[in-house]
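Take a look at the structure set out below.
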Amino acid sequence: MGAESDAGREVGSDAERHVERDVERDVERDVDGFYERVGAGRFLAGVHTRGPWDPGSQHAGPPAALLGRAIEERPGARDDMRIARITYEILRPVPIGPLEVTTSVLRAGRGTEVVEAALAPAGAAPVMLARALRIRVARESVPAVVPGPELPPPGEVGVTPFFPVPWERGYHAAMETRFTEGAFVELGPGTCWMRMKVPLVAGEETRPLDRVLVAADSGNGISSVMDFGRYVFVNGDLTVHLHRHPVGEWVCVEARTSVDGAGIGLADARLHDEKGPIGRSAQSLYVAPRG
């Protein structure tokens, strides 16, 4: 779910509620998407991006999707290529407010290219980096070898509430979640269908890649194995591999978390849409006692 700031450790405090009111006021006009596009490479993050730990910081899912979109829509991007792998470095919590996105091509080849993107608060150093491998595609050029649906569809399971969050609006309210295994409030493996209730960028069409990237960073929270009241367990990175992009509104994160006694964990997830598996995601976890 991204970097947790110290402010997120005092859930429900008077100071936290004061920050929440300030954030609500700053982004009051941005209510129709996770972001509002305000210029070339410039965006305003809205209240829907807010994570569960700190009212002034974003859940890492929306900025991950924003960087993925920037890589796909950059000037000169080839239409015959698709992101097959994207790795994020979450350098520090992503603040809610004005943001700038930049991209650069590290390698351009006939069949593959490597593209880097950076996300920074306006006029500041980057807080999140992404590096993507894009591979050339040719429709029906080879036989498809993929399994069919492996999970109960989202229509067969009820809505599962997010774990308690001390503010009403945020990522937790902007995503619909339906568990087929586990729950946010249960320890252990979890399998959760997720659907965006708002577009990534206000007034713009939601793309298939948006849907999977905005959900993939939730693997840690879906499969948590530690008591949040006693331990910190946050990811400093996220890698997503996709052999195809999702079809339809729903993406499922089938996640498992392992933790070594030295304080390093791994949240590993299979990603699905209603037609079957589409890829995998992984998050490296920093795990430590609170105190």
If you go through region 118-155 one residue at a time, how many are crowded, with 16+ Cβ neighbours inside 10 Å and among the hydroxyl-bearing types (Ser, Thr, Tyr)?
0
Which pairs turn up if I take residues in region 120-143 that are in contact (Cβ under 8 Å) with a residue 24 or more places away in the chain and look for partners that are open to solvent by 60 Å² or more (accessible area, probe 1.4 Å) and assigned to a strand (DSSP E or B) with beta carbon separation below 6 Å, at least 6 apart in sequence or on another chain?
122/98; 122/100; 129/89; 137/82
Which of (1) out of contact with any strand residue (DSSP E or B) (no Cβ under 8 Å at 6 or more places or on another chain); (2) in a loop (DSSP other than H, G, I, E, B); (3) under 23 Å from residue 242 (Cβ atoms) does residue 65 not meet, given it meets every other one?
(2)
Under 7 Å between Cβ atoms, which residue pairs at least 6 apart in sequence (or on different chains) link something in region 98-115 that is touching a residue at least 40 places away in the same chain (Cβ under 8 Å) with a partner that is part of a strand (DSSP E or B) and exposed (fewer than 13 other Cβ atoms within 10 Å of the Cβ)?
115/106
Being touching a residue at least 60 places away in the same chain (Cβ under 8 Å), farther than 22 Å from residue 251 by Cα and in contact with a Gly (Cβ under 6 Å, 6 or more places away or on another chain) is the requirement here; does residue 166 meet it?
yes
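Specify the residue that is surrounded by the most Cβ atoms within 10 Å (Cβ to Cβ); the eligible residues are those in region 174-200 that are of a type in the set (Val, Ile, Thr) and touching an Asp or Glu at 6+ places or on another chain (Cβ under 7 Å). If you could, list the steps in order and put the result at the bottom.
Taking region 174-200 and keeping what is of a type in the set (Val, Ile, Thr), we get 177, 180, 185, 191, 198.
With the extra rule that they be touching an Asp or Glu at 6+ places or on another chain (Cβ under 7 Å), the set shrinks to 191, 198.
On the way: 191: 22, 198: 18.
Looking at residues that are of a type in the set (Val, Ile, Thr) and touching an Asp or Glu at 6+ places or on another chain (Cβ under 7 Å), I get 191.
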Residues of region 156-173 being under 19 Å from the mean Cα position of the chain (by Cα) and either open to solvent by less than 20 Å² (accessible area, probe 1.4 Å) or hydroxyl-bearing (Ser, Thr, Tyr) (or both), which ones?
160, 170, 171
Looking at residue 55, is it at pLDDT below 95 and either open to solvent by 20 Å² or more (accessible area, probe 1.4 Å) or at positive phi (or both)?
no
Could you give me the residue pairs with C-beta distances under 7 Å whose first residue belongs to region 183-210 and is touching a residue at least 60 places away in the same chain (Cβ under 8 Å) and of a type in the set (Gly, Ala, Ser), whose second residue is crowded, with 22+ Cβ neighbours inside 10 Å and in a loop (DSSP other than H, G, I, E, B) wherever it lies, and which are 6+ apart or on separate chains?
190/223; 202/33
Hits in region 68-86 - residues which are open to solvent by less than 10 Å² (accessible area, probe 1.4 Å) and assigned to a helix (DSSP H, G or I):
68, 69, 71
Residue selected from region 239-289 under the condition open to solvent by less than 10 Å² (accessible area, probe 1.4 Å) and of a type in the set (S, T, N, Q), by the criterion nearest to residue 227 (Cα to Cα)
283
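Test residue 92 against the stated conditions and say whether it is of a type in the set (D, E, K, R), in contact with a strand residue (DSSP E or B) (Cβ under 9 Å, 6 or more places away or on another chain), part of a loop (DSSP other than H, G, I, E, B) and open to solvent by 10 Å² or more (accessible area, probe 1.4 Å).
Numbers: of a type in the set (D, E, K, R): yes; in contact with a strand residue (DSSP E or B) (Cβ under 9 Å, 6 or more places away or on another chain): yes; part of a loop (DSSP other than H, G, I, E, B): yes; open to solvent by 10 Å² or more (accessible area, probe 1.4 Å): yes.
Here the answer is yes, as residue 92 does meet what is asked.
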Go through 248, 263, 279, 291 for me and flag whichever is touching a residue at least 40 places away in the same chain (Cβ under 8 Å) and on the phi > 0 side of the Ramachandran plot.
279
Is there a residue being modelled with pLDDT under 95, surrounded by fewer than 16 Cβ atoms within 10 Å (Cβ to Cβ) and more than 19 Å from residue 273 (Cβ to Cβ) anywhere in region 215-229?
yes
Any residue that is among the aliphatic types (A, V, I, L, M), surrounded by 17 or more Cβ atoms within 10 Å (Cβ to Cβ) and either at pLDDT below 50 or more than 19 Å from the chain's Cα centre (by Cα) (or both) - is there at least one of those in region 38-47?
no
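The values are calculated or read from the model by the stated rules, or taken from the named source; none is laboratory data. Fair warning: this is a prediction, and the values are worked out from it, not measured in the lab. Because the Cβ atoms are built from the backbone with ideal geometry, glycine has one as well, and the counts that use them run over all protein chains shown. Heavy atoms of the whole protein, side chains included, go into the accessibility calculation; ligands, DNA and RNA do not. Shrake-Rupley method; radii C 1.70, N 1.55, O 1.52, S 1.80 Å.
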